[in-house]
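Structure, as structure tokens:
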Amino acid sequence: MSLANTETYESLLPRSTPVQLIDQHGAAHADDEFRMPSTEALLEGYRHMVIGRRFNDQCTALVRQGRLAVYPSSHGQEACQVAAGLALRKDDWLFPTYRDSIAVSIKGVPARDTLTLFAGGWHSGFDPYEHGVAPQATPLATNLLHAAGFAHAAKLRGEPTVVLALCGDGATSEGDFHEALNVAAVFQLPVVFLVQNNGWAISVPITRQTAAPSLAHKGIGYGLPGQRVDGNDFAALHAVLGQAVDRARDGGGPTLIEAHTYRIQPHTNADDATRYRDDAEVAAWVERDPIERLRVYLEGTGALDQDGQTAITAEAEHEASVLREAMTDGAPTPNPLDLFAHVYAEPTPQLLDQARVLERDLARELEDHR
């Protein structure tokens, strides 16, 4: 291998340890490459994380009350969610998964509209083009290929759009993940891939997903740089994502970022996480809480006092009450027959038969309840 190739090889490798600017005790750490974000940026991130945590907990309660069919909480992953939502400009695009409702709402989608999918209504409760947010993807990794394709189109048009695609560690075992990274690197597309490695793909641990030193190391196989970051450190995420987004906008091509984080709650309400992980493991990650560490740091610098904390908490409670009211009084009533709408431009005979069967069954059920 020539010296030039060796330098290229090394420039694509992630760090041996994740980038961290604020540790779990709220202490700052200097970094040679990444600077601490401004106080204003950290306060904005803290405010969004508190509101996001309240949103997560409110949605979990709505599931228990039967007002949501399902909700994949990002409780514990709020730093990733908020940093992703704030990293983009208005005209940039976000390609989220089902667990990324906080990032979606920060991009401008009304909180209630992010829940249409989880209430059993339409596949997406908002206009993607209005907010620059693709519908939340449930199949693993499919959104990564969509993101790469969208970034390719933007590049061909000469638009300054940057695309940020989110996924979990389980998605990195899917073929779509590898195809997306390959095409993004070959065509030097303006796309950033953020993997939220929360340690578990439902009940499958990360040790069964890869034998690589880290998920970020996979980038070098496709010729794009990888980076590792503490996924519970908003400051580090803000800095690393900001650098990757700027690089993409300046024509530098794609970046793969692995954020090391943890979901405190089960995969969804249909999952019993106690069957596959220890309470001690969860407790260890609770001590690394992304909100608490930033609060300690901001209070230590004098940027956040009790009045500021009270105001943010009150705002979070207000947002939760608005959400409760919307899901109680104004929640749309899904029409089961909408399942068959817009599947094909010209419905197939089989699809029409299925729709007629469902319509007949619904009518029979309605008659039985009279």
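Would any residue of segment 269-294 have its amide N under 20 Å from a label point 7 Å out along Cα→Cβ of residue 64? List them or say none. 269-275, 279, 282-283, 286, by backbone N distance to the label point.
Considering only 197, 182, 143, the Gaussian network model of the chain with Cα springs below 10 Å gives its largest mean-square fluctuation to 182. The Kirkwood radius of segment 112-240, taken over pairs of alpha-carbon atoms, gives through the Stokes-Einstein law at 25 °C and 0.890 mPa s a diffusion coefficient of 154 µm² s⁻¹.
For the chain, modelled as a GNM with alpha-carbon contacts under 10 angstrom, which of 255, 313, 60 fluctuates the most? Its mean-square fluctuation being the largest, the pick is 313.
When all C-alpha to C-alpha distances in the chain are sorted into bins of 20 Å, what percent of pairs does each bin hold, rounded to whole numbers? Reading upward from the zero bin: 27, 56, 15, 1, 0.
Per Stokes-Einstein, at 10 °C and 1.306 mPa s, what whole-number D in µm² s⁻¹ belongs to segment 249-340, with the Kirkwood radius over Cα pairs as the hydrodynamic radius? Provide the component values of the computation, followed by the final result.
Numbers: Rh = 18.4 Å.
Estimated diffusion coefficient is 86 µm²/s.
Between residue 227 and 256, 257, 258, the built amide H atoms are under 5 Å apart, and every one of these is 5 or more places off in sequence or on another chain.
Convex hull over the Cα atoms of segment 1-145, averaged projected area in nm²? List each step's numbers first, then the result.
Values: hull surface 47.7 nm².
Orientation-averaged projected area of the Cα hull: 11.9 nm².
Taking all protein chains into account, the per residue accessible area for segment 1-94 stands at 49 Å² (1.4 Å probe).
Share of segment 259-316's accessible area from carbon and sulfur, percent, 1.4 Å?
Details: 1530 of 3070 Å².
C and S atoms contribute 50 percent here.
Which lysines, on any chain, are close to residue 155 with Cα under 19 Å apart, when same-chain ones fewer than 8 places away are left out? Partners within reach: 90.
Just to confirm a number: summing +1 for Lys and Arg and -1 for Asp and Glu over residues other than residue 364 whose beta-carbon lies under 15 angstrom from that of residue 364, what do you get?
Details: positive: 356, 360, 370; negative: 359, 361, 365, 367, 368.
Local net charge: -2.
When the chain is treated as a Gaussian network with alpha carbon springs shorter than 10 Å, the biggest mean-square fluctuation among 272, 169, 32 belongs to 32. Any idea what log10 I(q)/I(0) is at q = 0.14, 0.23, 0.27 Å⁻¹ for segment 269-319, Debye with uniform C-alpha scatterers and no solvent? For segment 269-319 at q = 0.14, 0.23, 0.27 Å⁻¹, log10 I(q)/I(0) is -0.59, -0.88, -0.99. Averaging the Cα positions of each part gives two centres, and for segment 313-370 and segment 174-235 these lie 36 Å apart. Each of residue 138 and residue 321 was given a label point 7 Å from its Cα along the Cα-to-Cβ line. The distance between the two points is 3.4 nm.
Calculated accessible area for segment 107-236 comes out at 38 Å² per residue, all protein chains present (probe 1.4 Å; ligands, DNA, RNA ignored). Projected area of segment 146-222, taken from the Cα convex hull and averaged over every viewing direction, in nm²? That works out to 5.0 nm², a quarter of the Cα hull's surface. Phi-derived couplings, Karplus 6.51 cos²θ - 1.76 cosθ + 1.60 at θ = phi - 60°, listed residue by residue for segment 188-199: 6, 7, x, 9, 10, 9, 10, 8, 8, 7, 9, x Hz, with x used for Gly and Pro.
What is the Cα centroid distance between segment 236-280 and segment 293-307, reported in whole angstrom? Segment 236-280 and segment 293-307 have Cα centres separated by 24 Å. Per-residue ellipticity at 222 nm from helix content only, as computed over the chain with -39500 (n - 2.57) for each DSSP H run of at least four residues, stands at -14500 deg cm²/dmol.
The values are calculated or read from the model by the stated rules, or taken from the named source; none is laboratory data. What you see is a predicted model; the values in this text were computed from it and never measured. All Cβ positions, even for glycine, are placed from backbone atoms using ideal geometry, and neighbour counts span all protein chains on display. Areas reflect the complete protein model, heavy atoms only, side chains present, ligands, DNA and RNA absent. Shrake-Rupley method; radii C 1.70, N 1.55, O 1.52, S 1.80 Å.
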